[in-house]
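For reference, the structure discussed in these notes is given below.
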Amino acid sequence: MIKAIIFDWAGTTVDYGCFAPMQVFKQVFWERGIEITDREAREPMGMQKRDHIAAICSQERVSALWEEKYGHAPTENDIDELYAQFEPALFRILHQYGEPLEGVADMVLKLKEDGVKIGSTTGYTKEMMDVIVPVAKAHGYAPDCLVTPNEVPAGRPYPWMIYENMKHLGMDSKDEVMKIGDTVSDMQEGRHAGVWTVGVIEGSSELGLSKHEVESLSEEALNERKQEVHKRLIEHGAHLVINRITDVPQAIRHIEMLLATGGRA
């Protein structure tokens, strides 16, 4: 049975649509004269933020724009400078994005009452999470464990944050652990760790829509967008994709049925 769930933060349990980092990524590139798209900003979402900036810089169109403007492709020094702009800009707004998504606090409380241990991983640094965690806790969401990228050898897509969670939560069986997130790097992290890996669509960075935008779309248009996200998460390793974060209990039942018939993560 599932005894521990390791949640992502932004785009999964807080910050519907994962807008806090996305807008700052776009801002810091714009300040350097490079206009990146929402998709380019979101593509590496879930990675440690300096790695995320490096991944944006490595995208063909972005690299070409940079070379056209500066006469060379982005260097490590350029990436460091972008990150130095990114961090303070993110800190200025981060406190606005810590409230848990609707239903998350009650769902997690029920999971804990049922004996499920709650862990978490993130692409944010420990200092960034020091802003997010108190806000989430004030609204009733407090995982048993949090591991950030700067506490392990490397962040996503590597498995080290999940392993560190398992150590702190006292988990020795990967088949009893579920990782839940909203990005490709979340799916890769879970599969590299060898645990059950579940993607979530609504509120995700992959969907990239605010709650108002979701409610404003026609059912046909929204379903088309959701199908694209579902396909992308499955292609990058999800064992299962759920519609919204409060569907986690159904995901547990589904995976426990697989375990009962000999399935393994």
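The values are calculated or read from the model by the stated rules, or taken from the named source; none is laboratory data. These numbers were taken from a predicted model, which means no experiment stands behind them. When we count neighbours, we look across all protein chains shown, and the Cβ atoms used for this are built from the backbone with ideal geometry, even at glycine. For the accessible areas, the whole protein counts, side chains as well, though only heavy atoms, and no ligand, DNA or RNA atoms are used. Shrake-Rupley method; radii C 1.70, N 1.55, O 1.52, S 1.80 Å.
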Legend entry - Search result, residues across segment 132-161 that are in contact with a Gly (Cβ under 7 Å, 6 or more places away or on another chain) and of a type in the set (Val, Ile, Thr): ILE132, VAL135
Inset, instruction - Could you grab the pairs with beta carbons closer than 8 Å, sequence gap of 6+ or different chains, first residue in segment 155-170 and in contact (Cβ under 8 Å) with a residue 40 or more places away in the chain, second one assigned to a helix (DSSP H, G or I) and of a type in the set (D, E, K, R)? - result: GLY155/ASP51; ARG156/ASP186; ARG156/GLU189; PRO157/GLU189; MET161/GLU151; MET161/GLU189; ILE162/GLU189; MET166/LYS174
Inset, instruction - Check segment 218-241 and report whether any residue there is over 20 Å from GLU43 (Cα atoms) and touching a helix residue (DSSP H, G or I) at 6+ places or on another chain (Cβ under 6 Å). - result: yes
Legend entry - Leading residue by the ranking (most open to solvent (accessible area, probe 1.4 Å)) among those in segment 120-137 that are over 19 Å from ASP51 (Cα atoms) and of a type outside the set (S, T, N, Q): LYS137
Legend entry - Lone qualifier among GLY190, GLY237 - being over 21 Å from TYR97 (Cβ atoms), assigned to a helix (DSSP H, G or I) and either in contact (Cβ under 8 Å) with a residue 40 or more places away in the chain or open to solvent by less than 20 Å² (accessible area, probe 1.4 Å) (or both): GLY190
Inset, instruction - Go through segment 1-32 residue by residue and tally those that are within 30 Å of ASP172 (Cβ to Cβ) and of a type in the set (Ser, Thr, Tyr). - result: 2
Inset, instruction - Quick one: which residue in PRO88, PRO44 is closer than 28 Å to ASP247 by Cα and either in contact with a His (Cβ under 8 Å, 6 or more places away or on another chain) or open to solvent by 50 Å² or more (accessible area, probe 1.4 Å) (or both)? - result: PRO44
Legend entry - Residue satisfying condition, being touching a Gly at 6+ places or on another chain (Cβ under 6 Å) and either open to solvent by 10 Å² or more (accessible area, probe 1.4 Å) or free of Cβ contacts under 8 Å to residues at least 60 places away in the same chain (or both), within set SER210, SER204, SER218, SER173: SER210
